[in-house]
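> Below are the structure tokens for one structure; questions will follow.
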Amino acid sequence: MNKHSIITGIAIIVIVIPFSVSGLNILGTQTLEYRWNGPGQFSFFGMSNHGEMEFCNTIPFWISFQKFEVGTFYDSKHIGSYVVKPLIINPLSSQVQEGIFSSEELAASQHVFMILDFEFDGGDIRLDPNKFITVIQVDTPIIGMIPYSTTTQISGFDFDKIMNSENLSCD
């Protein structure tokens, strides 16, 4: 075999592997399952006091993300964000990671969260739950340098159901 063919083959492999790993990482973060650590115990008020989330990797390959952020909005106003630190998850397994909640007006955010928690648990409606939106953003850089984010917007009620789910694929 020609020396140039061997060098070309090695160069192709060196280029393809990082992009393949990044592609699998992006696929993994898009199929990532998550819930509050402690099935059925989630509350937005509890999230505002920090806490832990459980993440389930549903693919047979390691995945990682740089940041997992849950942005909360009421009536289009940002009321706070819950951010999870970088994480690497083994294939077909789950892992628990701590997150930090931050808000410019923490007391006001917690007040809104208490009211919405009460409503989602079947209480009287005081705030319009249709105005409460959560935006989940997962940052996973391609080959560690090119920024890439997956963003999902869902209602606060749907997010509450996801976080209170009893089962994940990894269970």
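The values are calculated or read from the model by the stated rules, or taken from the named source; none is laboratory data. Everything quoted here is computed from the prediction, not taken from an experiment. Accessible surface areas use protein heavy atoms only, side chains included; no ligands, DNA or RNA. Shrake-Rupley method; radii C 1.70, N 1.55, O 1.52, S 1.80 Å.
> Counting only protein chains, not ligands or nucleic acids, how are PHE44, PHE61, PHE120 ordered by accessible area (probe 1.4 Å), most first?
Reading off the accessible areas and sorting them downward yields PHE61, PHE120, PHE44.
> Same structure, new question: On a 1.4 Å probe surface of the protein chains, which of CYS170, CYS56 comes out largest in accessible area, and what is the full order? Don't jump to the answer; show the numbers that get you there.
Values: CYS170 40, CYS56 0 Å².
Descending order: CYS170, CYS56.
> I need the Kirkwood Rh of the chain: take the reciprocal of the average 1/r across all distinct C-alpha pairs and report it in angstrom.
Computed over Cα pairs of the chain, the Kirkwood hydrodynamic radius comes out at 17.6 Å.
> Taking the Cα atoms only, what angle lies between the long axis of helix 3-30 and the longest principal axis of the chain, rounded to 10 degrees?
Tilt of helix 3-30: around 10 degrees.
> Separate question: Using 0.36 nm per residue, how much length does the chain from ILE6 to GLN66 gain when fully extended, once their Cα-Cα distance is taken away?
Taking ILE6 through GLN66 to full extension adds about 18.0 nm, to one decimal.
> How far is helix 106-120 tilted, in degrees, relative to the longest principal axis of the Cα atoms in the chain, given as a value from 0 to 90 rounded to the nearest 10?
Taking Cα atoms only, the helix is inclined about 80 degrees.
> Please compute the contact order of the range 3-164 in relative form: average sequence separation of alpha-carbon pairs under 8 Å and at least six residues apart, divided by the residue count, as a percent.
Relative contact order here is 26 percent.
> Continuing with the same structure: Report, in whole Å, the centroid distance computed from the Cα atoms of the range 1-74 and the range 111-144.
Measuring centre to centre over Cα atoms gives 23 Å.
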